[in-house]
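Structure first, commentary second.
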Amino acid sequence: MERIPITREGLEKLKKELDHLLKVERPKNIKEIEEARAHGDLSENAEYEAAKDRQAFIESKIRELQDKISRAQVIDTPKEGINKVVFGTTVRVYELNSDTEKTFKLVGPDEADVSNGMISVTSPVGRALIGKQVGDTVVIKAPGRTIEYEVLEIRF
């Protein structure tokens with residue numbers, strides 16, 4: 001079984017989502033199915049079909065979350081004493097090509113959310129930043145262009 005790196009916060013978020021599905025969404029859906037069944041002929045009952053479709057979605061999401069949680073490997077980031085980019089650190093970089101600064105937090109693939117600056121350690125940018133120190137420059141070959149970042153700051 002392949003282990004997936006995750007922050008402690010990321011694992012708690014997955015557990016919270018699973019708990020919500022099991023304790024809120026699944027029981028709510030069961031009631032919806034019961035109510036739709038009470039309306040009679042199931043072959044032409046749109047409410048029943050919609051509730052069954054929702055049930056399939058919920059059950060699929062539950063299985064997916066259970067799998068992610070079972071394969072999760074929590075990696076605690078040291079709070080100090082390390083002067084290089086590691087899993088869980090926040091990195092402020094200067095993009096040489098566009099004269100802009102960006103901030104990334106390196107997280108596991110299941111936590112990645114680029115719009116919030118959380119990038120996967122397995123992404124091209126994440127892989128390039130791992131092990132770098134303040135002042136280092138990294139070059140990332142992306143489709144259609146090459147990106148150069150200078151590491152400005154590393155926070156834990």
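Every number here is computed from the coordinates shown, using simple stated rules; none is lab data. Computed from a prediction, not measured in an experiment: that's the story for all the values here. Quick reminder, even Gly has a Cβ in these numbers, built from the backbone with ideal geometry, and neighbours come from all protein chains shown.
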Peptides 104-110, 7-13, 59-65, 84-90 ordered by average Cβ neighbours within 10 Å, highest first:
104-110, 84-90, 7-13, 59-65
Helix-only [θ] at 222 nm, the chain, -39500 (n - 2.57) per DSSP H run of 4+, per residue, nearest 500, equals -12000 deg cm²/dmol
Quote the Stokes-Einstein diffusion coefficient, in whole µm² s⁻¹, for region 90-155, based on the Kirkwood radius over alpha carbon pairs, a temperature of 10 °C and a viscosity of 1.306 mPa s.
134 µm²/s
Between the helical axis of 8-20 and the dominant principal axis of the chain, each derived from Cα atoms, what acute angle in degrees is found, rounded to the nearest 10?
10 degrees
